[in-house]
Amino acid sequence: MNDNKHEQQQLTDELIASWALLMPLLEKKMMRLFERQVKQTLGPQQFYALVMVEEKKTLRLSGLAAELGVSKQQLTPIVDKLLHLGYIERVPDPQDRRASLLHATAEGKAFIGAYKREIGNLLRAKADAFSHEQLVRLNEALKDLHDVLGAMD
């Protein structure tokens, strides 16, 4: 048991070191595209809120707040901006008339689609530098990262 605890600590230390090296690379290689493409219109929380609404198809305000890890009060200006831009719409919840649901509009879906195309173009341009094995490894690593981070509280 003691060896297992030591091994767990060692893995955690390696994770911290890897994370510290990964974050600047992500910033340098990927986040600049976000800043050029999205930041002119939306802040990060507004963008992530739009992505969540578009992905889930319909989402209550409380569900969106939980997804973003913010309070309903903090969510109000985020949603207001997306409503103002016409990227989302609020419709009554047919199961609970007191509640409303958020849907991505055609404009919101187009905004997300354009961002995904830009990311795709960037990755396609960079993919030529990778071997087939590296592409497979990167794809698997991103899937694993998504799964693990999605399971975190």
How big is D, in µm² s⁻¹, for the chain by Stokes-Einstein at 20 °C and 1.002 mPa s if Rh is the Kirkwood radius over C-alpha pairs?
-> 118
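From the P(r) of segment 109-153, could you give the percentage of C-alpha pairs in the tail past 18 Å?
When every Cα pair of segment 109-153 is considered, 49 percent fall beyond 18 Å.
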Förster-model FRET efficiency, 22 Å R0, THR41 and VAL70, C-beta, rounded to 0.05 = 0.65
Counting only protein chains, not ligands or nucleic acids, how are PHE111, PHE130 ordered by accessible area (probe 1.4 Å), most first?
-> PHE130, PHE111
Averaged per residue, what accessible area in Å² does the chain show with a 1.4 Å probe, protein chains only?
-> 74
Within the under-14-Å Cβ sphere about LYS109, not counting LYS109, Lys/Arg +1 and Asp/Glu -1 give a net charge of 0
Which far-off residues, 5 or more places away or on another chain, put their amide H under 5 Å from the one on LEU59, with H placed in the peptide plane?
-> LEU102
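What's the magnitude of the charge dipole for segment 1-131 around its Cα centre, counting Lys and Arg as +1 and Asp and Glu as -1 at the beta-carbon? Answer in Debye, nearest 20. Intermediate results must be reported in sequence, preceding the final value.
Working: 19 positive and 16 negative charges, 111 e Å.
Approximately 540 debye in magnitude.
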What are the semi-axes of the equivalent ellipsoid of segment 43-106, taken as the square roots of 5 times the eigenvalues of the Cα gyration tensor, listed largest first and rounded to whole Å?
-> 16, 13, 11
Helix 72-85 vs. the chain, principal-axis angle (Cα, 0 to 90°, nearest 10) = 70
Given the candidates THR105, VAL51, MET152, the one whose Cα lies deepest towards the positive end of the charge dipole of segment 13-153, counting +1 at each Lys or Arg C-beta and -1 at each Asp or Glu C-beta, is THR105
Length added when fully stretched, LYS126-LEU15, from 0.36 nm per residue minus Cα-Cα | 37.4 nm
Loop trypsin sites (Lys or Arg not before Pro), segment 93-122, which have at most 12 other Cβ atoms in a 10 Å radius of their Cβ (DSSP) = none
Out-of-range pairs (alpha-carbon distance over 25 Å; input LYS28/LYS56; LYS109/LYS143; LYS28/LYS126; LYS56/LYS116; LYS57/LYS81) = LYS28/LYS56
Provide the solvent-accessible area of VAL51, counting protein heavy atoms only and rolling a 1.4 Å probe, rounded to the nearest 10 Å².
-> 40
What residue among ASN2, PRO94, HIS132 has its Cα farthest toward the positive end of the dipole of the chain, where the charges are +1 on Lys, Arg and -1 on Asp, Glu, each on the Cβ?
-> PRO94
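The values are calculated or read from the model by the stated rules, or taken from the named source; none is laboratory data. None of the values given here were measured: they were computed from a predicted structure. Cβ sites come from the backbone with ideal geometry, for glycine too, and all protein chains shown count toward neighbours. The protein model used for the area step is the full one, side chains on, heavy atoms only, and it has no ligands, DNA or RNA in it. Shrake-Rupley method; radii C 1.70, N 1.55, O 1.52, S 1.80 Å.
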